[in-house]
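Take a look at the structure set out below.
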């Protein structure tokens, strides 16, 4: 049997569909600046690299001219305030996620580029506080995925070797971080970004949904 018992999940687009809450928070920020709002699809095309990157992209995409630094700080403050108050109003658990987080003889960790403060609120709102032995969010490590740093921190917290983790995510950031530590990587279709980016990241396998995860792990003796 392999020693790979720790499943490390991404959050947005992997375990949950959080498009509505992310877009609502970003659009609230824009509305407070008197700017036109953006479509959910546009905003969620910027997800994956953390809130600062997301908001920079939102600011650049919003009609009405370039935001100065004071306006950008205001946008960020409104975004975080709204999201903290509405962490899971519109979010839904993706098919197979609950079953994946209930697999026997496994340890579970969460590794996301979402700011840690928001991550904790989302996890609590979903009733998942007891599901994860380790949670690493944006700001917990000096770097974000696809850098290896967040996964090294997960491994340190769980006292396992980084290469013994199994990384499960919908984006190239997840797969890139997994490759960086020599871990087994599982891509999941249906995330926020263009599927081509996931394919180009070269995960060991790509599943259509998390529903397939238990059978795949068993078939590969992982």
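Where a number appears in this text, it was derived from the coordinates with a stated rule and is not lab data. None of the values given here were measured: they were computed from a predicted structure. Note that each Cβ is placed from the backbone with ideal geometry, even for glycine, and that neighbours are counted across all protein chains shown.
The Rg/Rh ratio of region 75-125, with Rg taken over Cα atoms and Rh as the Kirkwood radius over Cα pairs, comes to 1.05. Given in Å, the Rg to one decimal and the Dmax to the nearest whole number for the Cα atoms of region 2-129 are 16.1, 56. In this simple spin-label model, placing a label point 7 Å from the Cα along the Cα-to-Cβ direction at both residue 129 and residue 196 gives a separation of 4.4 nm. For region 137-222, averaging the sequence separation of C-alpha pairs within contact (under 8 Å, six or more residues apart) and dividing by the residue count gives a relative contact order of 22 percent. Could you work out, for the chain, what percent of all Cα-Cα pairs fall into each 5 Å distance bin, beginning at 0 Å and stopping at the bin that holds the largest distance? Binned Cα distances yield the sequence 1, 7, 16, 19, 20, 16, 10, 6, 3, 1, 1, 0.
In whole Å, how far is the Cα centre of region 1-49 from that of region 115-149? Each part reduced to its Cα centre gives a spacing of 13 Å.
In the Gaussian network model of the chain, springs joining C-alpha atoms below 10 Å, which of 160, 135, 122 carries the largest mean-square fluctuation? So, out of 160, 135, 122, the one fluctuating most is 160.
With a 10 Å cut-off between alpha carbons and a GNM built on the chain, which of 183, 77, 97 moves the most? Between 183, 77, 97, it is 77 that shows the largest mean-square fluctuation.
For the chain, DSSP calls about 10 percent of its internal beta bridges antiparallel. Compared with the dominant Cα axis of the chain, that is its longest principal axis, helix 116-125 is turned about 70°. Stretched out straight at 0.36 nm per residue, the stretch from residue 39 to residue 61 would grow longer than its current Cα-Cα span by 6.9 nm. Taking one equal scatterer on every alpha-carbon of region 1-46, how large is log10 of I(q)/I(0) by Debye at q = 0.18, 0.30 1/Å? Scattering profile of region 1-46, log10 relative to I(0): -0.61, -1.06.
For a quick check, take a GNM of the chain with Cα springs below 10 Å and name the residue from 53, 82, 184 with the largest mean-square fluctuation. Checking each option, the largest mean-square fluctuation is seen for 53. Calculated on the Cα set of region 19-85, radius of gyration then Dmax: 10.3, 29 Å. Across the alpha-carbon atoms of region 131-213, the computed radius of gyration and Dmax are 12.3, 34 angstrom. Projected label points at residue 70 and residue 90, each 7 Å from Cα along the beta carbon direction, are separated by 3.0 nanometres.
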